[in-house]
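Worksheet: one structure, shown below.
The values are calculated or read from the model by the stated rules, or taken from the named source; none is laboratory data. As the structure is a prediction and not an experimental result, all values here were calculated from the model. Neighbour counts are summed over all protein chains in view; Cβ atoms, including those assigned to glycine, are modelled from backbone coordinates with ideal geometry. We work out accessible area using only protein heavy atoms, side chains counted, and drop any ligands, DNA or RNA first. Shrake-Rupley method; radii C 1.70, N 1.55, O 1.52, S 1.80 Å.
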Amino acid sequence: MQEKWNDKHIVFFDGECGVCNFWVQWILERDKNDQFMFASLQSEFGQKFLSERGLETKQFNTMYLWKPDSYYLIKSRAVLKIADLLGGIYKLSAVGKLLPAFLSDKIYDKISENRMKLSAQKCFLPDQHQKKKFIEV
């Protein structure tokens, strides 16, 4: 199974958050080069990822981007890397790297704190092609 996603970037997200589900759908629609796969932090796969790295396994307010056998990024750095990988106009987000991580993460944390208020809880239903991009659907 791992061979299926070993060369992908895996986005870990809160599977119960409407804002997070919106952004997953947003990435899916723009992932023209089939670079991303997705897993909720609540899934067995997500929990294993977190626990193997000594990360919080009960709070799901942080997005992670993992490139197996390479790196993982959190919060604002994960968001900026996703935009960079999507390419095109989204590469302009690289200007965000000019901010120190602690500052851009403060902005990320403020949005994260209010994410449940920002979006109604919506159940995202991926199409057949998109389902293949999820680990443990």
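Laid out as a table, the results:
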quantity	calculated
Odd one out for residue 61 among (1) open to solvent by 20 Å² or more (accessible area, probe 1.4 Å); (2) free of Cβ contacts under 8 Å to residues at least 40 places away in the same chain; (3) more than 23 Å from residue 129 (Cβ to Cβ)	(2)
Qualifying residues in segment 1-16 (those that are in a helix (DSSP H, G or I) and charged (D, E, K, R)) - the one surrounded by the fewest Cβ atoms within 10 Å (Cβ to Cβ)	3
Tabulated pairs, segment 88-117, first among the β-branched types (Val, Ile, Thr), second part of a helix (DSSP H, G or I), C-beta under 9 angstrom, 6+ apart or interchain	107/76; 111/19; 111/118
Top-ranked residue of segment 17-58 - restricted to ones that are without any contact (Cβ under 8 Å) to a residue 60 or more places away in the chain and of a type in the set (Phe, Trp, Tyr), ranked as surrounded by the fewest Cβ atoms within 10 Å (Cβ to Cβ)	26
Hits in segment 90-111 - residues which are modelled with pLDDT of 80 or more and not hydrophobic (A, V, I, L, M, F, W, C)	90, 91, 100, 104, 105, 106, 108, 109, 110
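Condition check ((1) part of a strand (DSSP E or B); (2) over 25 Å from residue 129 (Cα atoms)) across all residues:
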site: 29; (1), (2): no, no
site: 38; (1), (2): yes, no
site: 46; (1), (2): no, no
site: 65; (1), (2): yes, no
site: 77; (1), (2): no, yes
site: 81; (1), (2): no, no
